[in-house]
Structure formats: structure tokens, C-alpha cells
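*Asks:* Take this structure, written in C-alpha cells, and hold onto it; I'll ask about it next.
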Amino acid sequence: MTRILPDRISGRPIGARSRTGARTAERAVPRVDLGDGATLLFDEDHTLPLVSITVAMRSGSAHDPDGKEGASRIAMRMLRRGAAGMNAKHIEDQIDRLGGELSVDVAPSSSAMEAQVIERNLAPFVDLLAKILGTPDFPEDELMRLKRETVAEIIESRDNDRAVAQKAFQRALFDGHPYGRSAGGTTQSVEGLTRDDVLAFYRRYVVRGNVVVGLAGDVTAEQATQVASKLAAAVAPGAATADTVPEPTMTPGRHLVVVDKPDRTQTQILVGTLGTSPGDPDHVPLVVANAVFGGTFTSRLMREVRSKRGWSYGASARTVIDRRRQAWIMWTFPAAEDAPPCLKLTVELMEAWVKGGVTPREIAFIQRYLVRSHAFDIDTAPKRLHQALDVELLGLPADYYAGWTDHVKAVTVASANEAVKARISVDNLLSVVVGTASQILEPLKGAMANLADTRVVPYDAE
């Protein structure tokens, strides 16, 4: 579950605020050892008659074998395509009949089944989910169908210029590292997956020691333990996945990648470098300083790029967290003719931020904003649960979320500025621009000083 941290720590990029009766005072989400390495996290809240269920594995797309990218996502999606003798249609009908929802979320460090069901149908829904998890059939015809659907999704995503930019940035920044892979795989890797590949992932990673069960909502502690024990017992015993993913490194120097897409009147620009790790002593100071620079509607980036010049409707900077150091990224999307000056300006603003830091007034403002807005990150049981899941699955400090407001209040101007200087490199920088190369390549080269190299890649490159 890779997490994106824009203007404040958010419980989860996927998902969100009951105000009536919702608890906003923080308390620890209970953690229960289920035995054999399985873990339960639950947050009891009877405001609504709904129960959210997460069954997560401590492994994800970073564990896909080389050349078999997408195996983890295909394997997890196949679970609901046939189990215990039920075909895909029967499973879908059962989910609908019980008033439930079921989806899959695969990230570099985790994979999960996410579900929600009305409380009165919790028991039969859990029975169904246990069958899906514990006795999947992996029918060959459904695998072929899912592979075709996945390839179609990959091809369709090329119509989304922002998605194209994000994938190209990820591949270039983390070249040769598991973080450089797309969780969905490539057309070639997906087409090459076999039933044996899918079974291999399931047998290795969907095991009891790898399971973290999360429950939130209209469920008691006793119910939560019973449900989680049943779900954990449904899968085979086995040890937790060893965390063998190495720390990423970045190719030194400044690099420009132009993703060539015909007939683009607008561009997508991502500029970034390696960022922060949650275990860094200066992690929170960097997140706070980043919020000043590019994390709110009144940030420096927005003010200079949008408000003053009107080059891009949005301009932001964000940090990403995972088990290993992730990216720090600036994002703008100007018209093609504005792309070179916009790129030049954003890099200059970054350089000024690193060199000059933030001011006492800026820090005081953003601290108030982050502390006050934190209530919206913990106002529902599912949000609180997913924060606890982040801590468990990503190996975050135990008080990463619970002590968030105290950590923010403790940031000083000096600690924020020291963090920016220590973590954000102006010399090692990657710029990825999606646009029509014949129109923008040469002006872009002139907009970014001290380039080590420039590459043009097709928009459908994988």
C-alpha cells in the first residue's frame, strides 16, 4: 500500500465522512495476534450498520518475478473468478445478494481484498469470503478472459496522459528496481502468464503468516476476532514474506525524458527525485516543508504557476511513502507552448526552496492547517483502520499516525529547512514530459540547465 502524502497525511488514497456520531479523538486501533503469524486490526464503530473488511498480504507487485510483472494483481483478481466449485457469475450474484462489495488493491508492498457488507449479512458474507480466499479454482478459461481484460486496460490507460506520465516517471526513476514496475504489468508480461504462475504466487504469498485482517464499523471485539480467525484459517499455514526489496538508488545527474504522443496541445510534467522514508528522523519536517512548497491551494507552486501566470490549473508537490525510500514529485499540466517556461519555473522554485527554505510565518500557517485538518483523516472507522493497516504493512513507526499532530507541532523552521536540504537533491533530478516531441523537445532542453541526458520514448513504451 504505497501512500501519497500531499498537503497532509491521508489515511489512504483509495477511500474517505460521517460526521454525526463519528469519533474524532484518537485512540489506538486494537491489534490481536491470531496465531501462526496472522494479525487482526479492528475499529469498532456502530454509527452505521456496515462492516468494512480488509484481508491483506505482506507482499505485492514488488515481489513479482522478473518477466512476470502483473502476476500478483492477476492472482488476487482471479480469487473471485471461481472458488469452491462456484463460477464467477455465482460468486458475483452471492456478493450482490448479500448487499456486499468486493475489490482488489495491489501495491508494491501489499495486496489486499477490500470488502464492505451490511452487518446483518456479515456471517454469510464471511463464509463466502473464506471460500474465495481458501479454495480458489483458478479456472483456465477465466484466466484467459482476465488476461485479455488486463491487456485491454493497459492499452486503454494510454489515453490518460497523466497515467502515461506517472508510469514513465516510475520506470525512469526506479530503473532496475521493483518500484519501477507497474502493478498491472505490461502487455507482454500479462500475456505470458500461465495458470502455474498464478498458482505459484497464491501458494507462496497467500498464507497465514502473511495475512493481516482488518475490520471496521458495526462489529464487536468478539465478532472481529471470530471473523478474522475464520478468514486466516481459510488459507494454508506459512511464514510471512521476507522483506528482500533493496533500497532504491537514482542515476546521478539531471535527466529529461520526453514521452512522445502525437497531436498533444497540453502536456503533463512530472519533476522529481528520491524523497523520504518514514523512518527518517527528518521525515515529518520534510512533509511539513513540502506542504508549504506544494501541498495546498495557497502553496508557493500554486501561487506562482497558476495564480500569477495561469500556466496550469493545478501545481503540486507530494511525497510518497512505502517500506523503502520513495519519490518526491512536482506535477503541472500546462499547454504545449507553456511547457518549457513552466518546467524552468518549477525547477527554479524548487532550487529556491532548497536553498532558502521556508519562513516562520509559512511554518506557523501550515502547522495550524495540518493539525486542524487531521480530524478529517480519522473521522470514520475505515479511515482509522487503514491508517493502522499502513503501520502494520509498511513497517511505519508505531506512532506515525497516532502522534501525527504532536510530530507536526514539534517541527521548527530550522528542522524543516535542514530536512529539505538533506533530502531534496537539485543536482539529481528527473523530468518527464508527455507531449508531442517535435513541438516541445528543443525548447524543453533549453529550459532545464545542466542536463546529463535527454531521451525520447514512445507513449506506448512499457
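The values are calculated or read from the model by the stated rules, or taken from the named source; none is laboratory data. Quantities reported herein were computed from a predicted structural model and do not represent experimental measurements. Note: ideal-geometry Cβ built from the backbone for every residue, glycine included; neighbour counts use all protein chains shown. All accessible areas refer to the heavy atoms of the entire protein, side chains included, with ligands and DNA or RNA removed. Shrake-Rupley method; radii C 1.70, N 1.55, O 1.52, S 1.80 Å.
*Asks:* How much length, in nm to one decimal, is gained on full extension between Thr47 and Arg368, taken as 0.36 nm per residue of separation minus their Cα-Cα distance?
*Replies:* The Thr47-Arg368 span can extend by a further 112.7 nm.
*Asks:* For the range 355-414, what is the relative contact order in percent, using Cα pairs closer than 8 Å and at least 6 residues apart in sequence? List each step's numbers first, then the result.
*Replies:* On the way: 21 pairs, mean separation 29.4, N = 60.
Computed over the range 355-414, the figure is 49 percent.
*Asks:* Ignoring any ligand, DNA or RNA, what whole percent of the accessible area of the chain comes from carbon and sulfur when the probe is 1.4 angstrom? Intermediate results must be reported in sequence, preceding the final value.
*Replies:* Details: 9730 of 18790 Å².
After summing per-atom areas, the C and S share lands at 52 percent.
*Asks:* In the range 303-384, which chymotrypsin sites (Phe, Trp or Tyr not before Pro) fall in coil by DSSP and have 16 or fewer other Cβ atoms within 10 Å?
*Replies:* Tyr313
*Asks:* What does the convex hull of the alpha-carbon atoms of the chain project to on average, in nm²?
*Replies:* Directional mean of the projected Cα hull area for the chain stands at 21.2 nm².
*Asks:* For Ser103 and Asp159, compute 0.36 nm times the residue count separating them, minus their Cα-Cα distance, and round to one decimal in nm.
*Replies:* The Ser103-Asp159 span can extend by a further 17.8 nm.
*Asks:* Which FRET efficiency value, to the nearest 0.05, do you get for Gln266 and Lys409 by plugging their Cβ-Cβ distance into 1/(1 + (r/R0)^6) with R0 = 25 Å?
*Replies:* That gives a FRET efficiency of 0.05.
*Asks:* Give a quick list of trypsin sites (Lys or Arg not before Pro) in the range 322-413 that DSSP marks as loop, anything other than H, G, I, E or B, with at most 15 other Cβ atoms within 10 Å. The partial results should precede the final answer.
*Replies:* Details: sites: Arg323, Arg324, Arg325, Lys344, Lys355, Arg361, Arg368, Arg372, Lys383, Arg384, Lys409; in loops: Arg323, Arg324, Arg325.
Those that pass, being in a loop and sparsely packed, number zero.
*Asks:* Averaging sequence separations of C-alpha pairs under 8 Å and six or more residues apart, then dividing by the length of the range 362-462, give the relative contact order as a whole percent.
*Replies:* Relative contact order of the range 362-462: 23 percent.
*Asks:* Looking at the range 166-299 from every direction and averaging, what is the projected area of its Cα convex hull in nm²?
*Replies:* Mean orientational projected area (the range 166-299, Cα hull): 14.6 nm².
*Asks:* D for the range 60-118, whole µm²/s, Stokes-Einstein with Kirkwood Rh over alpha-carbon pairs at 10 °C and 1.306 mPa s: what number?
*Replies:* Numbers: Rh = 12.5 Å.
Estimated diffusion coefficient is 127 µm²/s.
*Asks:* Where only protein heavy atoms count, and the probe is 1.4 Å, what is the accessible area per residue for the range 151-289 in Å²?
*Replies:* So the range 151-289 comes to 40 Å² accessible per residue, rounded to a whole number.
*Asks:* Just to confirm a number: summing +1 for Lys and Arg and -1 for Asp and Glu over residues other than Ile440 whose beta-carbon lies under 9 angstrom from that of Ile440, what do you get?
*Replies:* -1
*Asks:* Need one number: % antiparallel among DSSP beta bridges in the chain, to the nearest 5.
*Replies:* 70
*Asks:* For the range 390-447, count the residues as N, evaluate 2.2 N^0.38 Å, and divide the Cα radius of gyration by that value, please.
*Replies:* Relative to the rule-of-thumb radius for its length, the range 390-447 sits at 1.88.
*Asks:* From Cα coordinates alone, what are the radius of gyration and Dmax values for the range 323-458 in angstrom?
*Replies:* So, for the range 323-458, Rg and Dmax equal 19.2, 52 Å respectively.
*Asks:* Express in nm, to one decimal, how much length is gained between Ala449 and Lys308 on full extension, taking 0.36 nm for each residue of separation and deducting their alpha carbon distance.
*Replies:* 48.4 nm is the gain from fully extending Ala449 to Lys308.
*Asks:* Further question: Could you compute how much accessible surface Val457 exposes when probed at 1.4 Å, giving the result in Å² to the nearest 10?
*Replies:* It works out to around 30 Å².
*Asks:* Rounded to a whole number, what is D in µm²/s for the range 313-367 from Stokes-Einstein with the Kirkwood radius over alpha-carbon pairs (25 °C, 0.890 mPa s)? Don't skip to the answer; put the middle values down first.
*Replies:* Numbers: Rh = 13.4 Å.
It diffuses with D of about 184 µm²/s by this estimate.
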